[in-house]
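No value in this document is a laboratory result; all are computed from the given coordinates. In this text the structure is predicted, and so the values were computed from the model without any measurement. Virtual Cβ from ideal backbone geometry, glycine too; neighbours counted across all protein chains shown.
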Amino acid sequence: MPEQLEKIDVLVVDDSPVNRKFAERILKDDYHVVSADSGKQALELLEKYEPKLILLDFRMPEMDGAETMAKIRENPAWAKIPVIILTADFTPETEKEFFEMGAADFIAKPFVPMTVKSRISRLIELYGLRVDLEDKLEEKSKLLEKLSLNSILTIANTIDAKDAYTSGHSVRVAKCSKEIAKRLGWSEEEVRNIYNIGLLHDIGKIGVPDSILNKPSRLSDEEFVQIKKHPVIGGEILKNIRMIPGVADGALYHHERYDGKGYPFGLAGEEIPYCARIIAIADAYDAMTSNRIYRAKLPNQRVIAEFERCSGTQFDPHLAHVFVGMLSENFYLPPETRREGDDAANEQWNIVDEKTALVNQILSEYGTEKNALDSLTGVHNRGYGEKAIDGLLAEAHKGAMVIVDLDDFRNVNDTYGHLMGDKVLKLLAAALAANVEDKDVLFRMGGDEFVVFYTDEVNRETLLGKVKSIVDSFAASLKEIEMENLTHISAGITLCPAEGRSFLTLYGNADKALYYVKENGKNSCRFFRRDSAGRASSERPGTDLDHIRRVLEGNMDENRGLFRVPYEEFPNLYSYLSRCVKRKGQMVQTILYTIGSENPDSLDNSACEDAMSTLEIAAAYSLRMVDVGSRYSSLQYIVTLVDTNLENGRMVADRVVNQFYKIYAGSGVTLSYDIQTMLVNA
């Protein structure tokens, strides 16, 4: 029996005795804490203690935090313990390094007691929930395995139902493969796995027409080409299945030959995955021992002779030798054939045919639907959402676009850590999903911003009720985790077709309404509206640049994080700006170009991208190498001019506009700009 480890709450690893003492003093009232002065000592203590959490200093002599983390993750007994990195050297690059190492979070030095306690309590709570969940999963694993196997059997039977001449083929191949694996001395888990691979090896036949599978006469060359596609179809269907290791290989390569004359790729010898070589033998055995319309099943001695003859050409010679030994010992799988004329059996096959149609539908949508989901929240992603809304607009649907955004979300990550931030995003996604119907479109635009398109709904009172329901649902979810004052929701709403007939126009209008809410107290919602001059009443000249200036000048401390927008370039721009403004005292002019149109609804995705690409070229021709440009949104481009006064900045801005109109090939597009000066300590 292994020695029972002593359970503790927190292991603190830091080469500084001052930091260790300070951490212990902060945590001692709430947690059982043990300290280590080096990575080596930490590994020794992990042999004795079982902590719920590790606080690990990143910069240590001899064995630093990265090496210590690697050692922890290498040991299965320690690999799941959450680790918080302690660092005084925080940059975007080190933040990325921490999370790539597998850290759950990080805490900046010097320690802020409230932040340390808050992040630790949340991670320990999550650790406890995870351990409890793992225990429950282990209790139900046998039941889940049984349910999974039943699902696999359903699919296998559906495949066999397409081919009237090979009833039960997949099950027999699975059983035969299992017996070969047992003869090879495989473990129980490996035997079970090869059985499941055998069940699904022919799943690609779902993509082959029934008329070809059930043709009683010889196939034409064209029809045989169709049959030969089923391994590729099967491999594509199963490529993302992780529950059964090697299942895609079994489907994709089971018709390859050891001599390289098989299909679909002509692999030879050990290039062919081992599981596929086993399936190939089981598949051939079932073909030889089943009655076909063009021949009767072969007797055992004839089957043995065939495997001996094809050893080293069609089959792996070692596996063929093993299987011949099994056949010589009277191994036999009786074929399970359909009884012709049995009405009950015919009725059963008709039911399976209906399942086939359902499976075909699922498989046809499998890849598209899976790739259309946001990996964190489970709602649809931006690409799917934009296409879905464009499709509804093309069909002349009316409706309302609502942009929902979290207020002060960065403070959530800064104070409670990214795990809590992710949890809040999931809660908001769930609240949104609970307040949309199947006809509506919900997707995550990026960061903490979500978009809902309420199809065929334009009643303002009804829409306000829907937004209120989202707010109430989200607030209730936050209250359940005792975080009701953590953040709130702001929303901007615009109507279609009254205020736009394209995705970009509607999104731009809803975004302006949202921006007005953000600028006037947050925690509210607003409909887009225009004033008597036709300008959005929720905007004024320079509004976007005012916001950018306040964010940049108010957050020059680089340790506080980046100004984030849905474009990868802009965080780099902010980092560059902060260095120039703060460290060099240079004058910086910031120009925000906005692409518009004389007819806003004519500015579709293609026209917008064409105009934006032209603007990028115009800026590249007109700016110095020390200046910086980046996309700010789908219709806006931001430029920073370093060490330039306002007068010269306007000259450069006009030069870019003139260059744009010289080279833009389209018509009806307008280009305007705002410019502001950003000064250190202005």
Nitroxide proxy distance, nm - points 7 Å out along Cα→Cβ at residue 624 and residue 117: 5.3
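Can you compute the FRET efficiency between residue 261 and residue 99 using 1/(1 + (r/R0)^6), with r the Cβ-Cβ distance and R0 = 60 Å? Round to the nearest 0.05.
Values: r = 49 Å, r/R0 = 0.81.
Calculated value: 0.80.
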Label-point gap, in nm, between residue 80 and residue 321 - each point 7 angstrom along Cα→Cβ: 4.3
Over region 163-337: Rg over Rh, Cα atoms, Kirkwood Rh: 0.94
Estimated distance in nm for a label pair at residue 408 and residue 223, the labels positioned 7 Å out from Cα along Cα-to-Cβ: 7.3
For residue 525, residues with placed amide H under 5 Å, excluding near neighbours: 491
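Have a look at the DSSP beta bridges in region 6-135 and tell me what percent are antiparallel, nearest 5. Could the numbers behind the result be given before it?
Working: 0 of 19 bridges.
Of all bridge pairs located within region 6-135, approximately 0 percent are antiparallel.
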Footprinting exposure proxy for 18, 402 (fewest neighbouring C-beta atoms within 10 Å first): 18, 402
In region 163-337, lysine pairs closer than 21 Å at Cα, eight or more apart or cross-chain: 13
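Report the full-extension gain for the segment residue 305 to residue 73: residue separation times 0.36 nm, less the Cα-Cα distance, to one decimal in nm. All intermediate terms of the calculation are to be shown ahead of the outcome.
Numbers: separation 232, 0.36 × 232 = 83.52 nm, distance 5.24 nm.
Stretched fully, the residue 305-residue 73 segment lengthens by 78.3 nm.
With the Cα gyration tensor of region 372-540 in hand, give its eigenvalues times 5 under a square root as the equivalent ellipsoid semi-axes, listed largest first in whole angstrom.
Numbers: eigenvalues 132, 70, 38 Å².
So the three semi-axes of region 372-540 are 26, 19, 14 Å.
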Qualifying GluC sites (Glu not before Pro) in region 398-491, DSSP loop, other Cβ atoms within 10 Å at most 12: 437, 482
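Could you sort 588-596, 302-310 so that the peptide with the highest average Cβ count within 10 Å comes first and the rest follow in order?
Descending packing order for the listed peptides: 588-596, 302-310.
Subtract the Cα-Cα distance of residue 422 and residue 298 from 0.36 nm times their separation in residues, and report this length gain in nm to one decimal.
On the way: separation 124, 0.36 × 124 = 44.64 nm, distance 6.15 nm.
That works out to 38.5 nm of additional length.
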Solvent-free Debye scattering, log10 I(q)/I(0), computed from the Cα coordinates of region 1-69 at q = 0.14 Å⁻¹: -0.40
Computed lengthening from residue 382 to residue 617, 0.36 nm per intervening residue step minus Cα-Cα distance: 82.0 nm
Residue exposure sequence - 468, 518 - by fewest surrounding Cβ within 10 Å: 468, 518
R0 of 22 Å, Cβ-Cβ distance residue 175-residue 328: FRET efficiency to nearest 0.05: 0.75
Cut-off under 5 Å, modelled amide H: who pairs with residue 445 long-range: 450, 451
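Would you mind counting up the charge near residue 464? Only other residues with Cβ under 12 Å from its Cβ, with Lys and Arg at +1 and Asp and Glu at -1. Show your work: numbers first, answer last.
Numbers: positive: 460, 466, 468, 526; negative: 457, 461.
Taking every Cβ under 12 Å from that of residue 464, the sum is +2.
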Amide H contacts of residue 35 (H built 1.01 Å from N, under 5 Å, at least 5 apart or other chain): 12
Spin-label zone in region 65-92 - amide nitrogen under 19 Å from a point set 7 Å from the Cα of residue 59 along the C-beta vector: 65-69, 84-92
Euclidean distance of C-alpha centroids, region 382-433 and region 226-269, integer Å: 40
